[in-house]
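The block underneath contains the structure these notes are about, expressed in structure tokens.
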Amino acid sequence: MTDFTVMHLILIVIFAILAILALWWGARLKRERKDGVDALEQDDRLQRVDSDKAVPAPGKPSATQPDMPPTAPAPPPVAGGETIATPQPVPSAVPPVPAEPAVEPVAAAPAPPAPPVAPLAPAPAGDTLTTLKGVGPKVAAKLNELGITSFAELAALSPEQAAAIDAEMGNFKGRMARDRWQEQAALLAAGDRAGYEAKFGKLG
């Protein structure tokens, strides 16, 4: 029983010592932390004071630099006590842009005239244009004015010449191709009466 009590006392003493050491260590850490915070605050205050001293307030001259109006640099002296005036920059003059000459419109070239129809030999007897289907006295007279007086002349027209003749026919324009005048004239100029009647009907 005595041994058990002594052991308990020893354990109690050890726990008490450990508790005292823990309290002491905690107090030391707390004091060191507080000292560090105080040191940081002191450094912050010192930095603020230094910055306030280094940067002067707006509108107030600093302690190291007196409030003096800015002065322009004086021109260098020359002999005789005269000074040379500072040359002023000369503005560069932009040359005027020359106006472009007016371009006169080029007149369109006139259309070439229709090639004239070369007159052929006089029409033989009985070679009258009114024999053609669709060609009456007025149409024949108009063709004669344009230089067409026979079947051979009408059949020998080139496509360009035929178009030029047709353009001059007035109210009868387009009848040459529609009534196939050149095809009729070619058959009659060749004397192919049977071929003509097979395509265009009996001759009157």
Which of the residues belonging to the stretch 148-165 are open to solvent by 30 Å² or more (accessible area, probe 1.4 Å) and not hydrophobic (A, V, I, L, M, F, W, C)?
149, 158, 159, 160, 161
With the condition kept exactly as written, say whether any residue in the stretch 184-196 is open to solvent by 30 Å² or more (accessible area, probe 1.4 Å) and among the hydroxyl-bearing types (Ser, Thr, Tyr).
no
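The values are calculated or read from the model by the stated rules, or taken from the named source; none is laboratory data. Keep in mind that what you see is a predicted model, and the values were worked out from it rather than measured. Accessible surface is based on the protein model in full, side chains and every heavy atom, while ligands, DNA and RNA are left aside. Shrake-Rupley method; radii C 1.70, N 1.55, O 1.52, S 1.80 Å.
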